[in-house]
Amino acid sequence: MKKYLLLLGADQFLRERSYSGAKSVGDFEVWTAIKNAKYKYNAYFDFCMDADSLNYEELKQNIEKYKEKGFEPKAIVPLNDWTLKVANKLNKNFGLPFLNEKTVNACRNKKLMKSHFIKNKVSTPKSMEFEGEKQLNDMVKEFKFPVIIKPLEFGGSGGVYLANNIKECVESYHKSKNIMEIYADSFNVSKSKFLIEEFIDSEDEVSVEVLCGDGFYEVITVTEKYLSPKPWFTEMGHLVPSHRYQDDKIKKLAIDTCRALGINRGIAHVEIKIKENNLYVIEAAARPGGDAIMDLIESSYEINPYKLHVAMYIDNKEKIIEDFVPKRTSAIAFLKAEKGIITDIKYPDVSKDEEIKRISLLNNIGDVAGEPENWSNREGIIQMNWDGLVTEKDFRHINKAKKLSNDIFTVSDISNE
C-alpha cells in the first residue's frame, strides 16, 4: 500500500504552507479534499479527493475507494476548527491516531470549553449559554455591562458583538443569529446556541502556539494580535514573535489550557487577553492558528510548524526536539478600505520596500467595503519581515496597511450609488 497524508482544510486561504510542512515529514504523498475537485484542483498537492472536507461519509467513501486502488492514509490531519470532528472520526474509523472525543467536543463547544477551564482553574471570562431572548434577558442580570454576545460554535470573530445595555444585548443577539443563519449549515455548527460573556476591556491580546504530545507540551511562540476598534473584534494583524514571547506566565497559562482540554496531539492555538497583570483565556483550539500565523512563524523561526503538527498525528509519543529561537520579526496586516463601493484599484510601486514580502488583494472594483466586523470584511493582506525583534508593541505593519489601503482603493460613498 502506498501511504499518503490527508490534510483537511488545507485548501483554505493562508494555509498553503501546510503542503510543504507535510511533505517534509516523510516519504508520503500529500493529499487534500475539495468538492468538485476537477474544477478546483490544487496542483500543489499530490492529489485532490473529490469530497467535501466537512462531509464524513463522502470522505470515508473516497478513502475506501482509493484503498482498493492501493492508497492508504498514514494520517488524516485537521487544519481548522471545522474539520476537527470529521478528521477525528475518520482517524478512529481507520485505526489511525486520534484525539479523545471529549477533547474534540470541548474544543468546538465554548460552553464545554469553559467548564474544563473552570474545573482546572484556568483563568477565563465568565460566560453563560442561552437560546432566545427570554433566556438572554434572564442571564443579563448575572453580568455587568458591557458584555460580549457570540455564537457557541463559530469562529473568525463571526457574530461577535459588544453590548452596553439590555437593548444592545437583544440587538447583538439578533445580528449574531442572522450571521449564523448564513453560515451554520455550511460549517456544521449550531445556529441557535449563543454565549453571553464578561467583557475584558483591554486591547492587549496574544495567541500562543503550543506543540502538544503524549505527556509533553512546548510553546513554539507567542503572537501579538491587533484588533479592530470596538465594537468589533476582528483581527486586523499579527506579529511574530510578540515582545512577550518569553513571558513565563503566558506560556504556563497556555500549557495549562491545553492540559485542561486534554489536547495531546498536534499544535494548539490559545488566545489570551491581558489586562494589567491579569491573564484570561478567551478560547483555545486543537489546530494551528490561522491568518498565516504559521507562515509568520516559518519566516521568523525558520521552522515550518505544519511539519510539527502533522508529525504529532503520526506519532505523538516521540518528543520533537527543536530550538524555538526567532531570527527576525514577521507580521501580517489586513488591508481595510474606507466604507463604500470600490470604484478603482491602483498598484503603488513597493518594489524598493524590502520589508514587504507580499501583498494580496481580496476585493475587486464594484465590491462593497464594509465595517471591520469579521474575517469577511477584509480587502487584502500585507505580509512583512524585518531584522531584529520588537521590545514593545509595534504597529509598523498596521500603519503600512492603512497607508496602502488608502493608496490602493478608491471608494465612493455607498449612499450616493
Solvent accessible area, Å² - Arg244, 1.4 Å probe, full protein context: 40
Förster radius 25 Å - calculated FRET efficiency between Gln135 and Ser376, Cβ distance, rounded to 0.05: 0.35
Given charges at beta-carbon only (K, R positive; D, E negative), |dipole| of the chain in Debye: 1060
Gaussian network model of the chain, Cα within-10 Å springs - most flexible of Ser18, Ser202, Ser192: Ser202
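Compute and list, largest first, the equivalent-ellipsoid semi-axes of segment 242-383 from the alpha carbon gyration tensor, each √(5λ) rounded to a whole angstrom. Mind dumping the intermediate values first?
Details: eigenvalues 223, 74, 50 Å².
They are 33, 19, 16 Å, listed largest first.
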Rg/Rh (Cα only; Kirkwood hydrodynamic radius) as it applies to segment 305-413: 1.11
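Going by accessible area, probe 1.4 Å, with all protein chains left in place, what is the ranking of Phe194, Phe71, Phe145, Phe199, largest first? Numbers along the way, then the final one.
Numbers: Phe194 0, Phe71 60, Phe145 85, Phe199 30 Å².
Final ranking, largest accessible area leading: Phe145, Phe71, Phe199, Phe194.
Using only the Cα atoms, work out Rg/Rh for segment 1-65, with Rh taken as the Kirkwood radius, to two decimals. Could the numbers behind the result be given before it?
On the way: Rg = 11.3 Å, Rh = 12.0 Å.
Using only Cα positions, Rg/Rh for segment 1-65 is 0.94.
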Candidates Ile274, Ile76, Ile220, ranked by Gaussian network fluctuation over the chain, Cα under 10 Å, top entry: Ile274
Size of charge dipole - segment 263-351 - debye, nearest 20, with Cβ of Lys, Arg +1 and Asp, Glu -1, no other charges: 200
Accessible area of Trp386 in the full protein assembly, 1.4 Å probe (Å², nearest 10): 10
Set of aspartates and glutamates near Lys230 by C-alpha distance (under 17 Å), chain-local residues within fewer than 8 positions excluded: Glu168, Glu171, Glu197, Glu198, Asp201, Glu203, Asp204, Glu205, Glu338, Glu371, Glu373
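Helix-derived [θ] at 222 nm for the chain: sum -39500 (n - 2.57) over DSSP H runs of at least 4, divide by residue count, nearest 500?
Details: 12 runs with 127 residues, N = 417.
Calculated mean residue ellipticity at 222 nm is -9000 deg cm²/dmol.
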Size of segment 299-347 as Cα extents on the principal axes (Å, biggest first): 55, 26, 17
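Using a Förster distance of 45 angstrom, determine the FRET efficiency expected from the C-beta separation of Arg328 and Asp367, and round it to 0.05.
Working: r = 34 Å, r/R0 = 0.76.
With R0 = 45 Å, the Cβ-Cβ based efficiency is 0.85.
With a 1.4 Å probe and all protein chains left in place, how much of the accessible area of segment 286-415 comes from carbon and sulfur atoms, in whole percent?
Details: 2880 of 6170 Å².
Looking at segment 286-415 in its full context, I get 47 percent from C and S.
Would you kindly calculate the mean projected area, averaged across all directions, of the convex hull enclosing the Cα atoms of segment 1-119, in square nanometres?
Seen from a random direction, the Cα hull of segment 1-119 projects 8.0 nm² on average.
What accessible area per residue comes out for the chain, rounded to a whole number of Å², with a 1.4 Å probe? Could you put the intermediate results ahead of the total?
Numbers: 18890 Å² over 417 residues.
Result: 45 Å² of accessible area for each residue.
Report the Stokes-Einstein translational diffusion coefficient (µm² s⁻¹, integer) for segment 132-225, Rh taken as the Kirkwood radius over Cα pairs, at 37 °C with viscosity 0.692 mPa s. Numbers along the way, then the final one.
Working: Rh = 15.1 Å.
Answer, rounded: 218 µm²/s.
Quick one: work out Rg over Rh on the C-alpha atoms of segment 52-191, Rh as Kirkwood radius.
Result for segment 52-191 is an Rg/Rh of 1.08.
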Heavy atoms of Ile365: accessible area, 1.4 Å probe, square angstrom to 10: 100
Distance violations [Cα-Cα > 18 Å] among Lys346/Lys402; Lys60/Lys111; Lys110/Lys177; Lys336/Lys400; Lys114/Lys141: Lys60/Lys111; Lys114/Lys141
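Below 10 angstrom from the Cβ of Val206, what's the summed charge of the other residues (Lys, Arg +1; Asp, Glu -1)? The partial results should precede the final answer.
Numbers: positive: Lys225, Arg244, Lys273; negative: Asp204, Glu205, Glu224, Asp247, Glu271.
Residues near Val206 contribute -2 overall.
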Links that overshoot a 25 Å alpha carbon limit, given the list Lys85/Lys144; Lys85/Lys119; Lys85/Lys150: Lys85/Lys144
Spin-label model distance (nm) - Glu101 vs Lys144, 7 Å beyond Cα toward Cβ: 4.2
Farthest positive-ward along the chain dipole, Cα basis, beta-carbon charges - from Ile365, Ser176, Leu79: Leu79
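Tell me, what does the Kirkwood hydrodynamic radius of segment 197-246 come to in angstroms if you use every pair of distinct C-alpha atoms? List each step's numbers first, then the result.
Details: mean 1/r = 0.0804 Å⁻¹.
This gives a value of 12.4 Å.
If each residue of separation counts as 0.36 nm, what is the full-extension length gain between Asn406 and Ser351 once their alpha-carbon separation is subtracted? Mind dumping the intermediate values first?
Details: separation 55, 0.36 × 55 = 19.80 nm, distance 1.80 nm.
Answer, rounded to one decimal: 18.0 nm.
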Pairs beyond 21 Å (Cα-Cα), from Lys251/Lys393; Lys89/Lys225; Lys275/Lys403: Lys89/Lys225; Lys275/Lys403
GNM flexibility winner over the chain from Ala311, Ala43, Ala268 (Cα, springs under 10 Å): Ala43
Relative pair counts by distance (%), Cα atoms of segment 356-417, 5 Å bins: 3, 13, 23, 23, 16, 10, 6, 3, 1, 0
Distance histogram for the chain (every C-alpha pair counted, 10 angstrom bins, percent rounded to whole numbers): 5, 21, 31, 28, 13, 2, 0
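The values are calculated or read from the model by the stated rules, or taken from the named source; none is laboratory data. These numbers come from a predicted model, not from an experiment. So basically every Cβ, Gly included, is an ideal-geometry build from the backbone, and we count neighbours across all protein chains shown. The accessibility values were calculated without ligands, DNA or RNA, using every heavy atom of the protein model including side chains. Shrake-Rupley method; radii C 1.70, N 1.55, O 1.52, S 1.80 Å.
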